[in-house]
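Participant: Here you go, one structure.
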Amino acid sequence: MSIRLRPLCEEDVDNIMTWVNEPAVVGNLAAFSGAPLSREEELAWVRRTMTSSSERVWSVFAEPDGRYLGQVGIHQIHQRSAVGRLGVVIAARAEMGRGHGSAAISRALDSAFSELGLHKVWLMVFSENLRSRGIYQRLGFVEEGLLREEYFHDGRWHDMVRMSVLAREWRAR
């Protein structure tokens, strides 16, 4: 499973629009409000993200054919504390479960710790999403805590698990 990351750019908007309003894709992403987004709203987000010092986002492509797979990013970067939040989506449903997400996360963490100089990268995941939690643990993330009834989705409250990996832990792998 070979992938390539490319910094987010305006030409990615059409690819993003193929999944950003799809409940089957964004249903497990707590960062999304669930409200339908227009192309103009998404383009505005891409433009803000491209110039933001608190976010670094990449589009993920399969190699060698260049198929768009999704996105991975480090968000909410706090420069003074050297901490950021991981976000990832493999939007091409046929590509899920093939290791592309793990590979994209690994590349993003390499960048977060070496290029961005972060000390810690954290994430939030639905407590019942055992598959994703297992993937994150295999990548070195440690569960920090449970946030009870933290997120309202599909008519009910969900517990969220906060996980993180430190730079020294990532380098020691």
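The values are calculated or read from the model by the stated rules, or taken from the named source; none is laboratory data. Nothing here was measured: the structure is a model prediction, and the numbers come from that model. Please note: Cβ atoms are built from the backbone with ideal geometry, for glycine as well, and neighbour counts cover all protein chains shown.
Participant: If we only count strands (runs of 3 or more DSSP E) wholly inside region 70-173, which ones have 2 or more residues that are in contact with a Gly (Cβ under 6 Å, 6 or more places away or on another chain)?
Facilitator: 83-90, 156-166
Participant: Return the residue satisfying two criteria in turn: it lies in region 80-107 and is closer than 15 Å to F141 by Cβ, small (G, A, S) and surrounded by fewer than 19 Cβ atoms within 10 Å (Cβ to Cβ), and of such residues it is modelled with the highest pLDDT.
Facilitator: So the residue we want is S106.
Participant: Suppose we filter region 108-132 for residues that are among the charged types (D, E, K, R) and buried (at least 18 other Cβ atoms within 10 Å of the Cβ); how many remain?
Facilitator: The qualifying residues number 1.
Quick grid of which residues meet (1) in contact with an Asp or Glu (Cβ under 9 Å, 6 or more places away or on another chain); (2) within 12 Å of C9 (Cβ to Cβ); (3) among the aromatic types (F, W, Y); (4) surrounded by fewer than 17 Cβ atoms within 10 Å (Cβ to Cβ):
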residue	(1), (2), (3), (4)
E40	no, no, no, yes
T51	no, yes, no, yes
S54	no, no, no, yes
A62	yes, no, no, no
D65	no, no, no, yes
I74	yes, no, no, no
H78	no, no, no, yes
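Participant: Restricting to region 50-69, what's the tally of residues that are touching a helix residue (DSSP H, G or I) at 6+ places or on another chain (Cβ under 9 Å) and part of a loop (DSSP other than H, G, I, E, B)?
Facilitator: Adding up the residues that qualify gives 2.
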